[in-house]
1. When N is the residue count of the range 145-201, what does its C-alpha Rg come to as a fraction of 2.2 N^0.38 Å?
2. Using a 1.4 Å probe and ignoring any ligands, DNA or RNA, find the accessible area of S164 and quote it in Å² to the nearest 10.
3. What net charge do the residues around S126 carry, taking every other residue with its C-beta under 11 Å from that of S126, with Lys and Arg at +1 and Asp and Glu at -1?
4. Among DSSP bridges having both ends in the chain, what percentage is antiparallel? Round to the nearest 5.
5. Which value, in Å³ per residue, describes the convex hull spanned by the Cα atoms of the range 195-301?
6. Which of [x] 20.5; [y] 23.9; [z] 19.3 is the computed Kirkwood radius over Cα pairs in Å for the structure on display?
7. Tell me the carbon and sulfur percent of the accessible area for the range 13-97, rounded to whole percent, probe radius 1.4 Å.
8. What 222 nm value per residue comes from the helices of the chain, counting each DSSP H run with n ≥ 4 as -39,500 (n - 2.57) and dividing by all residues, nearest 500 deg cm²/dmol?
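The values are calculated or read from the model by the stated rules, or taken from the named source; none is laboratory data. The model shown is predicted, which means the values in this text are computed figures rather than measured ones. When we count neighbours, we look across all protein chains shown, and the Cβ atoms used for this are built from the backbone with ideal geometry, even at glycine. Remember, those area values only see protein heavy atoms, side chains included, never the ligands or the DNA or RNA. Shrake-Rupley method; radii C 1.70, N 1.55, O 1.52, S 1.80 Å.
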Amino acid sequence: MREFRMASTGGGTLRCGIWVPAAKPRAVVQLVHGIAEHIGRYDELGNFLAGRGMVLVADDHMGHGLSVGEGETRGFFPSGWLGAVDDEKALMDRVRQEYPDTPYFLLGHSMGSFLTRTFLYRHADSRLAGAVLSGTGWQPAIALWFGLRLCVAEERKHGERACSGALQNVVFGAYNRKFKPARTPNDWICTDEAVVDAYCADPLCGFQPAIGLAREMLRGIQMNQKKENLEAMPKELPVLFFSGAQDPVGNMGRGVERSARAFRAAGLRDVTCRLYPDGRHEMFNEPNRGEVMEDVCRWLEAHL
């Protein structure tokens, strides 16, 4: 991975990374990572795609990874949800200057899948070759309403840049309860204990997001599920949904399938949904990740 930095829409700079094949690339894939992680966790995927003639490029979101400068808050989006989406557009515009005629894909994982879904209607004219959504889901309206009410209450007490144990337990703690008795607080991310242990030991992973970030993410998911925003996505855009069937973020597959149905109902004509029976949240880290990367690569190749 070659690193570089670029300005964020909300101030500060983003740490970015790019994996480049030896020959002229057939495609560019822009990764949008999840909450409380960083792009260094995707080195295996970047090397795999580069070996298949594809560029992988990504940034650490503001407040994540090495995009946390002096005086900035870890786990917080200074420019809000739409600012984070616009950071992805700015990275895309920069990379396209280097690869102007190369098919361009977005690949969003977890929170990054929800950011990508916002991107698809906010920047509907971006001429994407396709979008890949990993570890996404669909949230009931009442759950979003309750979560936002809790965010407002906790923000009044502590401020938007503070963390909230109550909020962490309600919004994120429920994921691990599906796997009692749990060995760690992060058993829900993967069945591979070595991956979970590495995540727990990584100082750039697993931190509590700020109240303001939880609020922004819930608002973003709420926007994504509105009929008018779904219908604003380009109808010709190919979309691949994939997830573990044991992923609590996707309600054990049901939320992933619900999202795919919503995309089809909005008029998108090329929507594929793939669930891996024993997988949890991070399919790129599961023991069958070779199969998963091959499947994603075949889908990308079919849409060049």
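1. Working: Rg = 14.0 Å, N = 57, 2.2 N^0.38 = 10.2 Å.
So the Cα radius of gyration is 1.37 times the expected 2.2 N^0.38 Å.
2. Roughly 10 Å² of S164 is accessible to a 1.4 Å probe.
3. With Lys, Arg at +1 and Asp, Glu at -1, the net is +1.
4. On the way: 10 of 35 bridges.
Antiparallel bridges: around 30 percent, rounded to the nearest 5.
5. In the range 195-301, the Cα hull volume divided by residue count equals 126 Å³.
6. This structure yields the entry labelled [z].
7. That fraction is 50 percent.
8. -11500 deg cm²/dmol
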